[in-house]
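Visitor: Quick one: this structure, given as structure tokens, is what I'll be asking you about.
Computed from the coordinates by the stated procedures, all read-outs in this text should not be read as laboratory data. Please read these numbers as outputs of a predicted model, since none were measured by experiment. Every residue, glycine among them, receives a Cβ derived from its backbone with ideal geometry; neighbour counts consider all protein chains shown.
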Amino acid sequence: MANSRSDVRSAPNAENHDSLRHILLQRLEAIAVRLTEDEVRAALSQDDPNMLVTVLMAQILEDKATSPLAKARARGIERRRQIVEQAGGTVPLALLAEREGVKPESIRRRIQRGALIALQDRHGYHIPSIQLDEAGRQYERLGPVLTELRAASPYRRLEWLMQPHSELQGRSPMEIIRSGQSHPMLRPLARAFGEQGGG
């Protein structure tokens with residue numbers, strides 16, 4: 001375990017990308033050797049590519065040597081993955097711009113003003129599909145609701161959109177938006193949530 005901690009400290013300063021890859025492979029191998037045959041089959045499932053992440057996260061959480069902080073981070077990563085999966089996955093920003101017949105910069109401005117939820121990684125912005133209609137365009141009535149939530153994180157905003165609310169008669173905000181109906185409590189409810197920062 002001491003060597004593993006040493007690797008963690010030295011990895012950010014390593015200049016050789018191959019060395020970093022080697023450390024990563026060593027850690028993955030250390031997890032893989034503990035997997036049962038059923039867990040290996042599940043991790044390699046063609047039906048659900050995300051099962052690999054799920055199986056690895058489970059091993060990290062069960063490992064007594066894993067620090068509480070690392071476990072908390074692992075739970076957070078897994079929860080975010082579940083939220084994105086529940087939201088129907090994502091599409092690249094460029095694809096949304098193409099479907100709507102606008103320039104990518106127009107989509108970026110929408111994101112910046114809080115009228116569209118986007119998740120960002122080193123490859124750019126990815127748009128959770130739950131915000132898009134059958135034609136792959138953003139629901140027109142969604143933008144004004146999302147701007148009320150802009151103080152909250154993207155994942156908390158997604159959760160809010162998908163959760164049933166008693167003020168909405170047990171329906172989720174997305175159910176109402178998809179139905180094309182209006183509800184007098186929708187924006188006030190979003191505003192209250194946004195003012196709390198998604199807490």
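Visitor: Remind me, what semi-axes does region 78-186 give for its equivalent ellipsoid, largest first in whole Å, using sqrt of 5 times each Cα gyration tensor eigenvalue?
Guide: With the √(5λ) rule applied to region 78-186, the semi-axes are 22, 16, 13 Å.
Visitor: Sticking with this structure for a sec: Return the calculated 222 nm mean residue ellipticity for the chain, to the nearest 500 deg cm²/dmol, obtained by summing -39500 (n - 2.57) across DSSP H runs with n ≥ 4 and dividing by the residue count.
Guide: -16500 deg cm²/dmol, from helical runs alone.
Visitor: Output the relative contact order of region 90-195, whole-number percent, from Cα pairs under 8 angstrom with separation of 6+ residues.
Guide: That works out to 23 percent.
Visitor: If you don't mind, there's one more thing I want to ask. Using mean Cβ contacts within 10 Å as the protection proxy, how do 147-154, 96-103, 69-76 order, highest first?
Guide: 147-154, 96-103, 69-76
Visitor: Can you give the Kirkwood hydrodynamic radius of the chain from its Cα pairs, in Å with one decimal?
Guide: 19.5
Visitor: I would also like to ask the following. Against the longest principal axis of the chain, how steep is helix 68-86, in degrees 0 to 90 to the nearest 10, with axes from Cα atoms?
Guide: In the chain, helix 68-86 runs at an angle near 40 degrees to the longest axis.
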